[in-house]
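Presented below is the structure to which this report refers.
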Amino acid sequence: MPYDQSWMGYGMVGAFEAGAIAAAAGFLVFALLSRIGRSQGWSIAMELSWSYVAAMALAGGQDLWNLFYFNYGRLQSLQLLRIRLAAVHDADNLGQRVLFEFIGVGIGVYLGWLALGRRHPT
């Protein structure tokens, strides 16, 4: 999430908060892309898939990047690692927060589809 996370809780509470924010983002992104997609003639599968990808990039992009960086980035010194870890909120539960963001975006897009996107046969 590309915003200040200092107000969020730690551990499971922070993961639930991140998941709730991701669900709201998924719902809103689906609402926007559903309107655009209908005017462009997109299928519902295209609307759902692009909504999921865009909402995940929006809601969980920073956490996902940090998770990737700490696993595959080349950290040449202990000081660099300390600086990077100090910039991350709740680095101990980063993977849990990313998992809840993935689940939250999926739930948000699904709820958006239930509320706005179901197409009835004419």
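Taking every residue in the stretch 28-44 that is more than 12 Å from Y110 (Cα to Cα) and pairing it with any residue that is hydrophobic (A, V, I, L, M, F, W, C) and not in a helix (DSSP H, G or I), at least 6 positions away or on another chain, the pairs with Cβ-Cβ distances below 8 Å are I36/W42.
Given the criteria over 15 Å from the mean Cα position of the chain (by Cα) and hydroxyl-bearing (S, T, Y), does S43 qualify? Talk me through it step by step, then tell me what you get.
Working: over 15 Å from the mean Cα position of the chain (by Cα): yes; hydroxyl-bearing (S, T, Y): yes.
Yes, satisfied.
Determine, yes or no, whether Y110 is of a type in the set (F, W, Y) and more than 15 Å from the chain's Cα centre (by Cα). Answer is no for this residue. Annotation: W50 fulfils all but one of (1) modelled with pLDDT of 85 or more; (2) at positive phi; the unmet one is (2). Considering each residue of the stretch 47-54 in turn, none proves to be exposed (fewer than 14 other Cβ atoms within 10 Å of the Cβ) and in contact with a helix residue (DSSP H, G or I) (Cβ under 8 Å, 6 or more places away or on another chain).
Residue-by-condition table, conditions (1) crowded, with 18+ Cβ neighbours inside 10 Å; (2) of a type in the set (D, E, K, R):
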{"residue": "A20", "(1), (2)": "no, no"}
{"residue": "I36", "(1), (2)": "no, no"}
{"residue": "F70", "(1), (2)": "no, no"}
{"residue": "D90", "(1), (2)": "yes, yes"}
{"residue": "G112", "(1), (2)": "yes, no"}
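The values are calculated or read from the model by the stated rules, or taken from the named source; none is laboratory data. Remember, it's a predicted structure, so these values are computed and weren't measured experimentally. When we count neighbours, we look across all protein chains shown, and the Cβ atoms used for this are built from the backbone with ideal geometry, even at glycine.
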